[in-house]
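Here is the structure we will look at, set down as structure tokens.
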């Protein structure tokens, strides 16, 4: 960002690439979007509520209250026997500088515009799965909360190490969390997008990892 804060990062995790968009804050920046090379992606409202959730079969668009208002499927010969709702192009602004344009499964563009210059990154990917493949079994409420608390404890320990390393308070806001913590945070947030999960549980998990 023009402020010098990190806006977009790309990390490698378990043989896949992950693009992460963060808000414009010097510390404790919340994740605003995650795009995985295996076809799963999620965008969030500034409040932390899921905005758009996509997987290898299609996507869903939610309003600020978490209610689904749109749903679509990617064109796929493997699922041609099922009724398909085509995708109409979608454009959202994650913040003042970063926008996301969704034109297709392999055409998901993250654009960054600041100080008269623009950068574009195509984070879409062409991934198809057979219709008989079942989604992974979602974690129970207790398991998900335990994972969230574990990540929060790791965040606090990392913060403590930073404070001990840099006693001056002027340096604290410049300390960036390690990549593995950022990755674990978005993995927890991704688990919150599973169908059937209550909004209360989603809010609790987001509050823990983004505290």
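The values are calculated or read from the model by the stated rules, or taken from the named source; none is laboratory data. Predicted model, so just to flag it, every value in this text is computed and none were measured. Every residue, glycine as well, gets a Cβ built from its backbone with ideal geometry; the counts of neighbours run over all protein chains shown.
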Where a residue in region 62-85 is on the phi > 0 side of the Ramachandran plot and surrounded by 12 or more Cβ atoms within 10 Å (Cβ to Cβ) and its partner, wherever it lies, is modelled with pLDDT of 50 or more and not in a loop (DSSP other than H, G, I, E, B), with Cβ under 6 Å and at least six apart: 66/199
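Here's the yes/no breakdown for (1) under 30 Å from residue 58 (Cβ atoms); (2) in a strand (DSSP E or B); (3) modelled with pLDDT of 85 or more:
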site	(1), (2), (3)
102	yes, yes, yes
121	yes, yes, yes
130	yes, no, no
137	yes, no, no
146	no, no, no
151	yes, no, no
164	no, no, no
170	no, no, no
177	no, no, no
Scope region 86-100; condition at pLDDT 90 or above, surrounded by 15 or more Cβ atoms within 10 Å (Cβ to Cβ) and either out of contact with any strand residue (DSSP E or B) (no Cβ under 8 Å at 6 or more places or on another chain) or within 18 Å of residue 59 (Cα to Cα) (or both); matching residues: 90, 92, 94, 99, 100
Residue match in region 26-34 (condition: buried (at least 16 other Cβ atoms within 10 Å of the Cβ), in contact with a strand residue (DSSP E or B) (Cβ under 6 Å, 6 or more places away or on another chain) and in a loop (DSSP other than H, G, I, E, B)): yes
Filter result for residue 16 (surrounded by fewer than 16 Cβ atoms within 10 Å (Cβ to Cβ) and out of contact with any helix residue (DSSP H, G or I) (no Cβ under 8 Å at 6 or more places or on another chain)): yes
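Given the structure, is residue 34 at pLDDT 85 or above and touching a helix residue (DSSP H, G or I) at 6+ places or on another chain (Cβ under 7 Å)?
yes
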